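We did not get these values from a lab; they are worked out from the coordinates using the rules stated. Quick caveat: nothing in here was measured; it's all calculated off a predicted structure. Note: ideal-geometry Cβ built from the backbone for every residue, glycine included; neighbour counts use all protein chains shown.
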Amino acid sequence: MTMLRAQFEVTYPGFRLDVDIEAPTEGAIAVFGHSGCGKTTLLRCLAGLCRAPRGSMGIGGEVWQDESRNLFLPVHRRAVGYVFQDLRLFAHLSVRSNLEYGLSRTPPGERRFDFAQVVDLLGIGHVLDRRPSRLSGGEQQRVAIGRAVLTSPRLLLFDEPLSSLDWRVRGEILPFIQRLDAVLRIPIVYVSHALGEVLQLAKTLIVMREGRVQAVGPINELLARLDLRGAIEPERLGALIDARVAGHEPEFGLTRVEFGGRPLYVPYRPRSVGDPLRVHILAKDVSLVTGGPPLQTSVLNILEGRIESIGDAEGEEPSVDVRLDVGCPLLASITKKSVSKLGLRVGQKVYAQIKALALSEDLRT
Amino acid sequence: MDWSQLDLGPLWLTLKLAGVTVLVLLLAGTPIAWWLAHTRSRVKTVVEASVALPLVLPPTVLGFYLLVALGPYGVIGGPWASLTGSALAFTFTGLVIASCLYSLPFVVQPLQGAFEAVGAGPLEAAWSLRASKWDAFVTVASPLALRGYLTAMVLGFAHTLGEFGVVLMVGGNIPGKTKVISIAIFDQVESLEYEEARILSAGLLLFSFVVLLLVYTVNRRLPLHVS
């Protein structure tokens, strides 16, 4: 498994970045944190646009920086792609020339993708002869991605690529980025302050806070960790389940997916049977039933499981998080009153109810 | 008026001086402007002030210092004389050096402004696309700063055309070597040759206007809008 290793210590007036990361690059790595937590600085250090006076960085067997040996590869000598938040397309060049800029500077022996393949994958064949300023926001974004991909990077960095886009266009761009990961197998580091963006994309999540790494691990584990409630957007807390499409029920507008032999209904998704589908089940959308499976309920999804832990019941909030094991971790955010009324305790067998309608994709952040 | 009597030597000399000056200034001014646009050094303000000095100094003051420096015993003229055997003052080369200093801000300032407008963004993008610093400067920053170059060339050229005080101090009035058009006109007026002065003045006026008009037209048609 290819690993990304990075250790940086750099101090700016009023800010300090101090990180040490080791993460697998299969499936994208998402870096999440609030503005000012050092995400972009981390990305710039990875690219070599910033040089941390103390640090080392490498991917797979390649070392790009090792200050103990005074080794620092400048940006243009690294096989790194960078999609900037403000895109930075070259205004004086056509789209075609923008795309060819990096490609022509990549030694033929290192080229892994050809022009036509990338243009086709990103759906930008019809705008090649235009100037970047004549493109829509989504098209500009795709050109910026294509330009970086065509340098055949060993590491592709995204800095909040969707933040400048309308939320309708966001849904259009994300599948392209997913394809880079799935089809082209390019290791991706994706920085965002909106967790919703990375839920479908990332396999590994790095949570940053005030210049430090607060947590790093598989995204589904981190999202279901009760102690990260404060670090992750509380409304996003929940389970991330990697399921497969098992079938469609067009007459009801539903898609049936399966994970670990358990069925789950979600609103219709235009995917083929057998395709992987990641379902995000928010803690606030899960309710609990004790004493046997509910027999007459409008809720389609009922999962049997055991209580693993119950969150901190102190504080003034009316709710508490309960973590279940239903074959994978599942979080339920319920009232303290219910915990007390049902007498919930660790180890107890319960049934989790999840409304199918709550499981729609939503990229509004 | 007998047109064949008109001495066009000063006109050609002036155009040659302005052309050479602009060429030298583009080569020397670009690194200065680039450095000023990108540096965070504290020396920046000192350099900026020095570059702008010719804007405020009376040409005679600048000319006086240059005369001393370019003379056979001056800091520039001395070594030059021992190297080439001839002094710099009252020569065309001396005039070029003087003009370069005199017109420096008119070339450096527009270039600096243009480089600052381009900013670090496109450069970083170019580096991330495997372009070296020099490559990125040539293929990204320079084309994006094209308007700045155009402005710098026009202002540098036009300002050198119009210089009088510095030339008078450093170059004197040697026909074919240092007698530029502004000096020639001054000469003609002094000796009451108003007819010749009128023709030369009108010629210079017309030429300057046409050059500026041409440049502004080209500038407007330039497909680039960098802001």
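Before moving on, here are some points about what is shown:
- Contact order normalised by residue count of chain A, Cα under 8 Å, 6+ apart, percent: 16 percent
- For the listed peptides A:153-161, A:310-318, a ranking on the average number of other beta carbons within 10 Å per residue, highest first, reads A:153-161, A:310-318.
- As a rough footprinting exposure proxy, the listed residues A:82, B:65, A:351, A:12 were ranked by other beta carbons within 10 Å of their own, and the order from fewest upward is A:12, B:65, A:351, A:82.
- When the square roots of the Cα gyration tensor eigenvalues are ordered a ≥ b ≥ c, the ratio a/c for chain B is 1.5 or more and a/b does not exceed b/c, which makes its shape oblate.
- Global form of the range A:218-365, assessed from the alpha-carbon gyration tensor, a/c cut-off 1.5: prolate
- The range B:151-227: relative contact order as a whole-number percent, Cα under 8 Å and 6+ apart: 24 percent
- Local net charge near residue A:18, Cβ-Cβ under 11 Å (Lys/Arg +1, Asp/Glu -1): 0
- The shape of the range A:120-186 comes out oblate: with a ≥ b ≥ c from the C-alpha gyration tensor, a/c is at least 1.5 while a/b does not beat b/c.
- Taken as Cα centroids, the range A:192-249 and the range B:99-160 sit 46 Å apart, rounded to the nearest whole angstrom.
- Listed pairs A:203/A:284; A:203/A:349; A:284/A:341; A:284/A:337 exceeding 21 Å between Cα atoms: A:203/A:284; A:203/A:349
- For the range A:28-98 versus the range A:298-345, the gap between their alpha-carbon centres in whole angstrom: 42 Å
- Helix-only CD estimate at 222 nm, as mean residue ellipticity for chain B, using -39500 (n - 2.57) per DSSP H run (n ≥ 4): -23500 deg cm²/dmol
- Value at 222 nm in deg cm²/dmol, rounded to 500, when DSSP H runs of n ≥ 4 in chain A each add -39,500 (n - 2.57): -5000 deg cm²/dmol
- DSSP beta bridge pairing in the protein assembly as shown, given as percent antiparallel to the nearest 5: 80 percent
- Per-selection Rg to Rh, the range A:1-152 - Cα, Kirkwood hydrodynamic radius: 1.00
- When you restrict to C-alpha pairs under 8 Å that are six or more residues apart and normalise by the size of the range A:235-305, the relative contact order lands at 35 percent.
- Shielding by other protein chains, A:85-93, mean Cβ within 10 Å: 6
- For the protein assembly as shown, the alpha carbon convex hull comes to 221 Å³ per residue, rounded to a whole number.
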